[in-house]
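Following: one structure in structure tokens, then a few remarks.
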Amino acid sequence: MSEPERSPSPSSPPEPDATEEKFKRATARLQQGDLAQAERIYEQILERAANHVEALHFLGVVKARTGRPQLGLELIDKAIALRPAYAEFYSNRGNVLKQLGHLEQALSSYDQTIALKPDYAGAYCNRGLVLQELGRLEEALENYDRAIALRPQFAQAHRNRERVLQALQLSDGSTRPQASPSDATDAGATKQKLDRALVCHQQGDRAQAESLYSAVLEQSANNLRALHLLGILKVQAGEPELGLTLFDKAIALKPDFAEAHNNRGNALKALKRHEEALSSYDRAIGLKPDYAMAHSNRGGLLAELKRLEEAAQSYERAIALNPHEKWAFGGLAACLGRMCDWDKRPFIVERLKDAIAAGDLAIEPFLTLGYLDDPALLRACSEKFVKSEIGEAPPPLRRGESWRNEKIRVAFLSADFRDHPMAVLITEALERLDRARFEVIGISFGPDDGSEWRARLVSAFDRFIDVRLESNAEIATLVADLKVDIAVDLMGYTRYCRPEALARRPAPIQVNYLGFVGTMGADFIDYIIADEIVLPLEQQLFYSEKIVHLPGCYLPNDRGRKISETTPAKKDVGLPEYGFVFCCFNNNWKITPEAFDVWMRILRAVDDSVLWLLRDNETAERNLRKEAQARGVDPSRLIFAPRADLPDHLARHRLADLFLDTLPYNAHTTASDALWVGLPVLTSTGKSFAGRVATSLLHAIELPELATASLADYETLALALARDPARLAEIKARLARNRDALPLFDSDRFCRGLEAAFVHMRELWQSGKKPESFAVGSASRAAP
């Protein structure tokens, strides 16, 4: 995305004070993103002073940003006519010309900018973007290098430079496109065709890219670049077998092609041929020891295999070779979290904050939820992630047209329609949505695991469409062709997500719900479904979506969750026969040193007590035992439970006395599981959505006293309950009574609230109103 430039304070003769005050207010509004108000004030200024050059310029910028680039260009041209020697005017003129698709004219405008101001880093960066779009990658790289030389911490230029380098490296293993010996006779037209194909590929137009690659290979079956790039495209399109064949052919032509060995590893990883994939990454590194991307990819594979210590070493090597390697830092942070390796945690937290501020790394928003409890930082992370991964939004498939389906047509998009926590939560709600008023469609881009959950989910929809092999553009076209009223993204930024499909605006109403407990930071998502505890309206500032409050709790629950009738004996699961059992079945990565400090003080204070945790990986278990020892607790008092089938897992909850929650990322499905079985959950309420879910659950089942306002209160209450069996028994009895009487597990009541939310969203759309925050129902609850 082009970097907009601000011009300095006006150097023309001063306007009347009132005009200048208005100008300052308008510019402040522009900087805050309030474009409508900025536009109104600039226009007021120009009514009184038609040649106020700065107001003309900035009004042109506003018009372009709000979808009226031709008007914007006319206003900026008028400003240039009045003041022809201002570099900033030409820079923003170039941005608008780029927006209009006039790329050669945009280049000329940036050239004029640089002629007037040779040290203008932003102009070099924007010029690089245009050259990149034209497929002139070598020239683009030179412009990014110049921008960085002028401004070494220029995050956008670093990001763009990495993309170009990756594209050039993908081509044939060099940092400049070169023909291999077998391709020496390729005509210039072939090279241009491949460059155009690569641009289409990077922009997500896989069909056009494939057509161009294939055309080259029809003319020259051994064209190295075409073989390699088409192989990459096939892996990305979900056809790793074809990709592998193409990489093997490229390697046969050029055995020392490190990049092809790296991408061969990616294909083998997708095929679950993990040891072969590891060998391919190792071969790439053997050929090119400083190949940061291969080290990072190797780390990702090792992490998937739960060889976390080795994975962390690979990520650290990638970072040492290239601090800007796209996914390496996030991969390292995820590994350390999963291992409960807290020695580097302070560094990780500070580096995350710095990276979010600078926007110089690909930081997955989901990762930050386990490290940060700052809603402002979490929004910034999502916004920069979506900008980095999607860039400028593709043209919308819908442009304001309206229709009225007989039933409200809702499409739920997810990769997790399988044996997955999301499925456990939502299946019954999908089954019980009112079919007299709603048509419910499932759009699945995840694996079919053959489970009972998968079969039940397929039956829960009126239509279930498997789009695993479809591109994002094809998924978007499907949603548009179906005339979906409301598209619900159940993924957000979780594993296998496909937000690019909704970036094309295939539905008039697009919703973030359930899968990702935070803002997507994307202007193509209209609403986030929550409740007044997990997401109070005063946090609207931290959410790009409008907030919708469901009555009771936003989290659905499935009353069909089966609990095994047989409860295992304590000795069979490694628990002592006597003594208080604290438990936390959250994923290990949610455990923080701050919470663990509290847990260990509790164990020291409650004789014969134990802490029952979920076994995720051997490294985490070893590290947690080490951390217990360091805090004066016998490591044997930590008992680890292996993963089990859901009915058996639920049944073993009966052996615990109190569930201890984590922060900043609470128990969500795990808290619901515990309450369903009858095990009280003790939590501490955080600042962000992820840290407030257990509090919402407890309020919905009328146990608000178990949601504390601080870790100190949490510790005090845990000790009080462990020492007062009668008080704890009363809470358990109340939980048992409330389970079937109160809203938390009332699926029909939940569905009526969700339906009311959908109805109101459609009413707003069909009446021509913009999305707005609203609440369904009148129940009022307050969190500590």
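The values are calculated or read from the model by the stated rules, or taken from the named source; none is laboratory data. If you're wondering where the values come from, they're calculated on a predicted model, not measured in any experiment. As a convention, Cβ positions derive from the backbone with ideal geometry for all residues, glycine included, and neighbour counts pool all protein chains shown. Note: areas computed on protein heavy atoms with side chains; ligands, DNA, RNA excluded. Shrake-Rupley method; radii C 1.70, N 1.55, O 1.52, S 1.80 Å.
Listed values, structure above:
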{"item": "Among 284-295, 55-66, the order from most to least packed when residues are scored by Cβ within 10 Å on average", "result": "55-66, 284-295"}
{"item": "Dipole of the chain, positive end: most advanced residue of 513, 342, 230 [Cβ charges, Cα centre]", "result": "513"}
{"item": "Charge dipole magnitude, Cβ of K and R +1, D and E -1 - the chain, Cα centre, debye nearest 20", "result": "300 debye"}
{"item": "Charged-residue dipole, Cβ positions (Lys, Arg, Asp, Glu), the range 487-606 about Cα centre, Debye nearest 20", "result": "420 debye"}
{"item": "Net charge, residue 519 excluded, C-beta distance under 9 Å - Lys, Arg +1, Asp, Glu -1", "result": "-1"}
{"item": "For the range 92-143: rounded, prolate or oblate by the Cα gyration tensor [a/c cutoff 1.5]", "result": "oblate"}
{"item": "Carbon and sulfur %, accessible surface of the range 93-136 computed with the full protein complex present, 1.4 Å", "result": "48 percent"}
{"item": "Kyte-Doolittle mean at least -1.0 and Cα axial length at least 24 Å: DSSP H helices in the chain", "result": "155-172, 747-766"}
{"item": "Candidates per trypsin sites (Lys or Arg not before Pro) in the range 470-519, loop by DSSP, up to 16 other Cβ within 10 Å", "result": "483, 495"}
{"item": "Residue 36 versus residue 310: modelled label distance in nm, points set 7 Å from Cα along the beta carbon direction", "result": "5.7 nm"}
{"item": "Tensor-based shape of the range 691-784 (alpha-carbon gyration tensor, a/c under 1.5 rounded, otherwise prolate or oblate)", "result": "oblate"}
{"item": "Dipole-positive endmost among 421, 459, 441 within the range 419-462 (Cβ charges, Cα centre)", "result": "441"}
{"item": "Local electrostatic count at residue 568 - Lys and Arg +1, Asp and Glu -1, tallied over other residues with Cβ under 10 Å", "result": "+2"}
{"item": "Cα centre as origin, Lys/Arg/Asp/Glu Cβ charges: the range 264-342 dipole, Debye", "result": "300 debye"}
{"item": "Three-way shape label, the chain, alpha-carbon gyration tensor, a/c 1.5", "result": "prolate"}
{"item": "In the range 95-169, the chymotrypsin sites (Phe, Trp or Tyr not before Pro) that fall in loop regions by DSSP, at most 11 other Cβ within 10 Å", "result": "none"}
{"item": "Surface share of carbon and sulfur [accessible, 1.4 angstrom probe, percent] for the range 357-504", "result": "48 percent"}
{"item": "Farthest toward positive dipole pole in the chain [+1 Lys/Arg, -1 Asp/Glu at C-beta], among 567, 274, 403", "result": "403"}
{"item": "Cβ-Cβ FRET estimate between residue 49 and residue 108, R0 fixed at 30 Å, reported to 0.05", "result": "0.50"}
{"item": "Accessible area per residue, Å², the chain with all protein chains present, probe 1.4 Å", "result": "40 Å²"}
{"item": "Relative packing of peptides 545-556, 689-700, 646-657 - highest average C-beta neighbours within 10 Å first", "result": "689-700, 545-556, 646-657"}
{"item": "In the range 659-730, GluC sites (Glu not before Pro) in a DSSP loop with at most 15 other beta-carbon atoms within 10 Å", "result": "702"}
{"item": "Net charge of neighbours whose Cβ lies under 12 Å from the Cβ of residue 670, counting Lys and Arg as +1 and Asp and Glu as -1", "result": "-1"}
{"item": "Out-of-range pairs (alpha-carbon distance over 28 Å; input 98/483; 191/254; 234/326; 193/384; 234/288)", "result": "98/483; 193/384"}
{"item": "Filter on 344/732; 249/269; 571/732; 249/272 - keep pairs with C-alpha separation over 29 Å", "result": "344/732"}
